[in-house]
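Participant: Got a structure here, written out as structure tokens. Questions coming.
The values are calculated or read from the model by the stated rules, or taken from the named source; none is laboratory data. Because the structure is a prediction, the values reported are computed rather than measured. FYI the Cβ positions are ideal-geometry reconstructions off the backbone, even for glycines, and counts take in every protein chain you see. Note: areas computed on protein heavy atoms with side chains; ligands, DNA, RNA excluded. Shrake-Rupley method; radii C 1.70, N 1.55, O 1.52, S 1.80 Å.
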Amino acid sequence: MSVRSAIRPASVDETTNPTASKSKGIKGNTFWFWVFVGPFVAGLLVFSYLPILWSLVLSFFEAQNTVTPTKFVGLQNYVDMLTDPNFLSSLGTFSIFAVFIVPLTFVLSLALALLVNQVKVARVFFRSVFFLPTACSYVVASLIWKLSIFNGVRFGLANTVLGWFGVDQIAWLSTSDPPWFWLPIVTVRLWLQLGFYMILFIAGLQRISPTLYEAAYVDGAKPGWQTFRFITLPQLRATSIAVLLLNLIAAYQAFDEFYNLIGSTANYARPPLVYLYTVSLGSIQDLGRGSAGALILAVIIMLLTLLQNKIFGFGKAND
Amino acid sequence: MPVPKPTAGMTRRDLLRAGAITAFAAFAAACGSNSGRPAAGGGGDKAALSQWYHQYGEAGTQQAALRYAKEYADAGVSVAWTPGDYGSKLASGLLSNQGPDVFESQLNYAMVKSGQVVPLDDILAETKSDFNDGALRANTVDGKVYGIKMIDDPQMIYYRKSLFDKAGVKPPTTVDELVAAAKALTTDKVKGLFIGNDGGLVLGIPSVNSSGGSLLTEDNKPGFTGERAAQAFSKVRQMYADKSLLLGAPADWADPSAFTQGLTAMQWCGLWAMPGIQKALGDDFGVFPYPALDAQGRAVVTSGGWSTFVSAKSKDVEAAKAFVKWLWIDKTELQEDWCLSYGFHIPPRKSLAAKAAKLQTGPAAEAVKLNTDHGVVDNPAWTPKMASAYNDMLTNVIKKGADPAAEITKAEKTVTTELSRLFG
């Protein structure tokens, strides 16, 4: 008797029909697969796909203050949103935000990773210090930025520092000319997410074989910019692409810091999600137009993702 | 001895059944979230009602609301006290079956048109004549009253007498004088005027009224158009451009702390804040209305406040109405307590307002008089969609320096479309 049969007695079916045995085994695995995956699939269906489907339905109806509308309006909600200056301006706000946040996060998290990776003492301490903000809530961080650092009165931290140099107090979050609000908006996100991307880069750096650097030194390369330019950066290509993609996706989802720092009434600093929230779930309650806007945004995101795919060459054999 | 049968694989039917159970469990978990409503059956045959409030700034109000609910014997009432963006939470709650039975808000025509609230004429009938005209007008659509006014909240400008004396400034009687006063009172430590961190959207209503216009005309047409309205909005822009406005204060205009902490010489705020201001500044403050644009205009006090409504989606509308009648109509001592024991509010019941001792002397009496003489109540036909377009117009004029006439035209278009949708 084999060890396997000693542990689990063979059934009649298994002993007489090997094909049936294989089939039962797969069915057993299938059962456990669905036990573990089922709740998540159900959650996805109930909380993601069903609302998306309902959103699609709502986008063709006049749905003001109701989720069960009766008046069909065809593509009017789409036309309204595509000609709505506030919606178009919110897309512009997102673009400016992405232009600031994506390169800054990339460069600074890479720089942090290079610095922390070279530290000889208290390496864990430094990694933890820079990673800890990742665990902080966007709402909490935004309120600290708003109430303590970048409030517009004389005792705010930023204005206190400016006061030492004789500079007048600045209403950081309440002025669009000049657009000082970008400073708190960008810095709060940098503070929150740099540590996470730093960890990704550290993992990438540790996968680079030291022999590459040794070989370069033997060939006369100087430590510093030359090895960074010709060894480190190319070796980090996969990590760099991941960081850029994750960053862009996170920029699409900008909501918390804008909503908590500036609010939803300032039309010069409203990314698409904040504007759509105001239109559909906020006080306006126009779920038809809000749904149309959400679906337009989804299409834009899909197109941009496909474009990124094309540019970065994801899925090519050499990746 | 029979050979034990191994665990059989899952049939399609089992799979579908398991999927259905899981989906139902997930759905039930989502639907079973806490709505603030007491568990059914906890009070025998009594109805279980959920009552929603926004978060009042005045100490003791939450405890008072809980006490009132507990005192009510005919239903179990749970109170949801909402800090932050109450308007959005309420709007979402009213779309679902998990929303409130009874809630406080301000009425707008869209709520009525979409059937979110029920008329309350029957519970109001006997005491209707005791409510002031503004309280009824703000809650009436097509001749039916949908809300019971709980508090009248006049909003006006508070000013520091000592700072005015030091700068040789008198309380302004025209908007030009206000602009000049705000500039004269601005120093490197103190700003002249605080009208909110958004740059003054709260002045959207008083500024158009001060020019002699209104948000909507009597026959529901846009009333904020024309040269005089544009001129009124430009004055707010001028204060912004002069750097006379306090911006970026830790608390917004509804909270008096910027004023009591000496960050501003004047602040737009409500009567509710007066006890706190008196405590902090003693007699060193006074109040005046938003001044008239010029001799053809008029001074304005925004007469806001909160009303109680019954949701049309309540599982027991009659029980909810009975509770509202008990709380805000029958139990006059509770309305008196709510209006006068925490912050100051004017009781909407004429009989209660007449005997409100705390409002009959000093700046409180002055505020009540200003409200009587210059008060402007909300128009229920002004919906959030119109307000959003109007606020965008104001933001563009005040903060971006956009041409008021062009911005008014854009807002007018949105408001006209919305009026056509609502009134045909």
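Participant: How many residues, within the range A:58-86, are within 12 Å of chain B (Cβ to nearest Cβ) and outside any loop (DSSP other than H, G, I, E, B)? Explain how you work it out, then say what you get.
Facilitator: Applying the first criterion (within 12 Å of chain B (Cβ to nearest Cβ)) to the range A:58-86 yields A:58, A:62-71, A:73, A:76, A:80, A:83-86.
Next, from what is left, pick out any that are outside any loop (DSSP other than H, G, I, E, B): A:58, A:62, A:64, A:71, A:76, A:80, A:85-86.
Qualifying residue count, the range A:58-86: 8.
Participant: Within the range A:231-240, can one find any residue that is in contact with a helix residue (DSSP H, G or I) (Cβ under 6 Å, 6 or more places away or on another chain), at pLDDT below 90 and closer than 30 Å to A:GLU257 by Cβ?
Facilitator: The first filter runs over the range A:231-240 and keeps only residues in contact with a helix residue (DSSP H, G or I) (Cβ under 6 Å, 6 or more places away or on another chain), leaving A:231, A:236, A:239.
Next cut, at pLDDT below 90 only: none.
For the range A:231-240, residues in contact with a helix residue (DSSP H, G or I) (Cβ under 6 Å, 6 or more places away or on another chain), at pLDDT below 90 and closer than 30 Å to A:GLU257 by Cβ: absent.
Participant: Kindly indicate the residue of the range B:383-424 that is in a loop (DSSP other than H, G, I, E, B) and away from every other protein chain (no Cβ under 12 Å) and also modelled with the highest pLDDT among those meeting that condition.
Facilitator: Here is the first cut: in the range B:383-424, the residues in a loop (DSSP other than H, G, I, E, B) are B:383, B:399-403, B:424.
If we keep only those that are away from every other protein chain (no Cβ under 12 Å) as well, we get B:403, B:424.
On the way: B:ASP403: 96, B:GLY424: 78.
Out of the qualifying residues, it is B:ASP403.
Participant: So A:ALA251 clears everything in (1) under 30 Å from B:LEU247 (Cα atoms); (2) free of Cβ contacts under 8 Å to residues at least 60 places away in the same chain; (3) open to solvent by less than 20 Å² (accessible area, probe 1.4 Å) except one condition, right? Which one?
Facilitator: (2)
Participant: Could you pull out the residue among B:LYS144, B:LYS113 that is among the basic types (Lys, Arg) and either modelled with pLDDT of 95 or more or crowded, with 20+ Cβ neighbours inside 10 Å (or both)?
Facilitator: On the way: B:LYS113 fails: either modelled with pLDDT of 95 or more or crowded, with 20+ Cβ neighbours inside 10 Å (or both).
Result of the check over B:LYS144, B:LYS113: B:LYS144.
Participant: Which ranges mark the helices (runs of 4 or more DSSP H) fully within the range A:119-190 that have 2 or more residues being over 27 Å from A:ASN267 (Cβ atoms) and not hydrophobic (A, V, I, L, M, F, W, C)?
Facilitator: Working: elements: A:123-131, A:138-144, A:157-164.
Answer list for the range A:119-190: A:123-131, A:157-164.
Participant: Additional query: Determine the pairs where a residue that is closer than 19 Å to B:PHE288 by Cβ, located within the range B:353-379, has a partner that is assigned to a helix (DSSP H, G or I) and open to solvent by 60 Å² or more (accessible area, probe 1.4 Å) with Cβ atoms under 7 Å apart, the partner being 6 or more residues away or on another chain.
Facilitator: These pairs meet every condition: B:ALA364/B:LYS358.
Participant: List the residue pairs whose Cβ atoms are under 8 Å apart, where the first residue sits in the range B:396-424 and is on the phi > 0 side of the Ramachandran plot, the second is buried (at least 19 other Cβ atoms within 10 Å of the Cβ) and part of a helix (DSSP H, G or I), and the two are 6 or more positions apart or on different chains.
Facilitator: If the second residue must be buried (at least 19 other Cβ atoms within 10 Å of the Cβ) and part of a helix (DSSP H, G or I), the pairs left are B:GLY401/B:ARG237.
Participant: Restricted to the range B:401-413, and to residues that are open to solvent by 60 Å² or more (accessible area, probe 1.4 Å) and out of contact with any Ser or Thr (no Cβ under 6 Å at 6 or more places or on another chain), which residue is farthest from A:PRO85 (Cα to Cα)?
Facilitator: Step one: of the range B:401-413, the residues open to solvent by 60 Å² or more (accessible area, probe 1.4 Å) are B:403, B:409-410, B:412-413.
From the residues that got through so far, the ones that are out of contact with any Ser or Thr (no Cβ under 6 Å at 6 or more places or on another chain) too are B:403, B:409-410, B:413.
Numbers: B:ASP403: 16, B:THR409: 14, B:LYS410: 10, B:LYS413: 13 Å.
Checking each candidate, the answer is B:ASP403.
Participant: Sticking with this one: Considering only residues that are open to solvent by less than 50 Å² (accessible area, probe 1.4 Å) and within 11 Å of chain B (Cβ to nearest Cβ), which ones fall in the range A:42-57? Talk me through it step by step, then tell me what you get.
Facilitator: Kept after step one, since they are open to solvent by less than 50 Å² (accessible area, probe 1.4 Å), are these residues of the range A:42-57: A:42-43, A:46, A:48, A:55.
Within the range A:42-57, A:ALA42, A:GLY43, A:VAL46 qualify.
Participant: Tell me, which helices (runs of 4 or more DSSP H) wholly within the range B:157-269 include 1 or more residues that are more than 14 Å from chain A (Cβ to nearest Cβ) and open to solvent by 20 Å² or more (accessible area, probe 1.4 Å)? So that I can check it myself, show each step before the final result.
Facilitator: Values: elements: B:161-167, B:175-185, B:204-210, B:227-241, B:257-260.
Because the criterion is at least 1 residues that are more than 14 Å from chain A (Cβ to nearest Cβ) and open to solvent by 20 Å² or more (accessible area, probe 1.4 Å), the helices (runs of 4 or more DSSP H) in the range B:157-269 that meet it are B:161-167, B:175-185, B:204-210, B:227-241.
Participant: Is there a residue in the range A:297-307 that is among the β-branched types (Val, Ile, Thr) and crowded, with 19+ Cβ neighbours inside 10 Å? Full working, then the answer.
Facilitator: Taking the range A:297-307 first, the residues among the β-branched types (Val, Ile, Thr) are A:299-301, A:305.
Then drop every residue that is not crowded, with 19+ Cβ neighbours inside 10 Å, which leaves none.
No: the range A:297-307 contains no residue that is among the β-branched types (Val, Ile, Thr) and crowded, with 19+ Cβ neighbours inside 10 Å.
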